[in-house]
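The values are calculated or read from the model by the stated rules, or taken from the named source; none is laboratory data. Note that this is a predicted model, so its numbers are computed, not measured. Glycine also receives a Cβ, built like all others from the backbone with ideal geometry; neighbour counts cover every protein chain displayed.
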Amino acid sequence: MMKTKKMTYVTMLAAIAILFHMIEGMIPIPLPVPGFKLGLANIVGLIALYMFDDKTMIGINLMRVLLASLLRGIIFGTGFWLSLCGVMLSCTAAVIAKRKTPMSIYGVSVASSTAHVIGQMIAVTIIYQQFLMGALLPVLILLAIPTGIGVGYLSNLVLNRIK
């Protein structure tokens with residue numbers, strides 16, 4: 001792929017990821033579980049991973065967290081650190097799952113989703129020094145599995161349309 005074409009795709013994917021990140025915060029979730037979100041912006045990260053490479057996915061996800069936090073006015077606040085820790089562990093899990101296992105995009109997405117939850121729990125524990133927050137971890141992981149499957153499904157649909 002030509003450099004200019006790739007740069008255009010990456011820029012558009014980053015803009016869509018930022019938009020999804022911003023919109024997702026406005027969607028009311030009818031579950032009484034604090035911190036639970038659908039992970040819509042992760043669709044873009046998976047598309048970048050399968051369309052390009054792991055460095056592109058990590059770059060898009062970092063741009064998304066930085067710029068969306070800046071736009072929301074929470075740069076370097078608690079929400080930023082939670083998002084950043086979740087995204088970094090999520091990206092690591094997705095790259096390892098794609099490279100080292102025969103998982104499909106669904107398995108990679110579930111691994112990424114559960115790692116995101118674990119990363120956020122680590123950040124919450126460090127920031128607030130509240131080790132009891134870990135009691136929510138099993139519930140959040142159980143919720144991360146169907147959302148990971150949904151994100152994988154939507155990502156797969158988009159990738160099939162692009163090809």
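Candidates are the residues of the stretch 114-143 that are within 14 Å of the chain's Cα centre (by Cα) and in contact (Cβ under 8 Å) with a residue 60 or more places away in the chain; the one that is surrounded by the fewest Cβ atoms within 10 Å (Cβ to Cβ) is 120.
Do the conditions hold for residue 126, that is, is it more than 20 Å from residue 14 (Cα to Cα), in contact with a Cys (Cβ under 8 Å, 6 or more places away or on another chain) and either at pLDDT 95 or above or of a type in the set (A, V, I, L, M) (or both)? Spelling it out, it is not the case that residue 126 is more than 20 Å from residue 14 (Cα to Cα), in contact with a Cys (Cβ under 8 Å, 6 or more places away or on another chain) and either at pLDDT 95 or above or of a type in the set (A, V, I, L, M) (or both).
If you go through the stretch 7-24 and keep only what is surrounded by 15 or more Cβ atoms within 10 Å (Cβ to Cβ) and without any contact (Cβ under 8 Å) to a residue 12 or more places away in the chain, you end up with 15, 19. Does the stretch 35-45 contain at least one residue that is farther than 21 Å from residue 13 by Cβ and outside any helix (DSSP H, G or I)? Yes: one or more hits. Going by what's in this entry, would residue 111 be described as aliphatic (A, V, I, L, M), assigned to a helix (DSSP H, G or I) and either under 25 Å from residue 12 (Cα atoms) or within 17 Å of the chain's Cα centre (by Cα) (or both)? Judged against the criteria, residue 111 is a match.
The residues in the stretch 50-103 that are within 12 Å of the chain's Cα centre (by Cα) and either surrounded by 19 or more Cβ atoms within 10 Å (Cβ to Cβ) or touching a residue at least 60 places away in the same chain (Cβ under 8 Å) (or both) can be counted, and the count is 17. No other residue among 158, 95, 117 is among the β-branched types (Val, Ile, Thr), under 16 Å from residue 43 (Cβ atoms) and in a helix (DSSP H, G or I) apart from 158.
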